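The values are calculated or read from the model by the stated rules, or taken from the named source; none is laboratory data. The structure displayed is predicted, hence computed values, not measured ones. So basically every Cβ, Gly included, is an ideal-geometry build from the backbone, and we count neighbours across all protein chains shown.
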Amino acid sequence: MLTSASLATGTVIAVALPVLVAAIQSAPQIDAGREVAMHMSTTPADIVSGSPGVVASPVISTYQTDSVALRLRWPITWARRDARGAAWMSSVNW
């Protein structure tokens, strides 16, 4: 049983794991940087966008905080082999 804050209250999802398939393209790419500006939000945005420049908030700098940023990029695609492999219910109050 797993929980997620991304689901509406009372939503239950069941997945048959043998039905899932993943297509993975090459090895993951891992980058590290000490001079990186990052937008620290769950809503992605450019650091500066538009004209005049609108600055995203909050933004931190790894240089100013003496830290290292790690980034993992790995092209992966998930799919179901059979449409019967996943089901969900809403308004559940068990």
Fill in the blank from the handout: Expected output for segment 24-44 (first residue of a type in the set (A, V, I, L, M), partner assigned to a loop (DSSP other than H, G, I, E, B), Cβ below 6 Å, 6+ apart or cross-chain) is Ala32/Val68; Val36/Thr62; Ala37/Ile47; Met40/Pro58
Exercise for the section: Being within 26 Å of Pro28 (Cα to Cα) and outside any strand (DSSP E or B) is the filter here, so list the residues in segment 44-65 that pass it. Expected result: Pro44, Ala45, Asp46, Ile47, Thr62, Tyr63
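Taking Trp88, is it hydrophobic (A, V, I, L, M, F, W, C), at pLDDT 90 or above and either surrounded by 12 or more Cβ atoms within 10 Å (Cβ to Cβ) or within 28 Å of Ala8 (Cβ to Cβ) (or both)? It would help to see each step written out before you state the result.
Working: hydrophobic (A, V, I, L, M, F, W, C): yes; at pLDDT 90 or above: yes; either surrounded by 12 or more Cβ atoms within 10 Å (Cβ to Cβ) or within 28 Å of Ala8 (Cβ to Cβ) (or both): yes.
Answer is yes for this residue.
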Problem - Among (1) in the same structural domain as Met1 (by TED's automatic domain parsing); (2) touching a Lys or Arg at 6+ places or on another chain (Cβ under 7 Å), the one test that Tyr63 misses - result: (1)
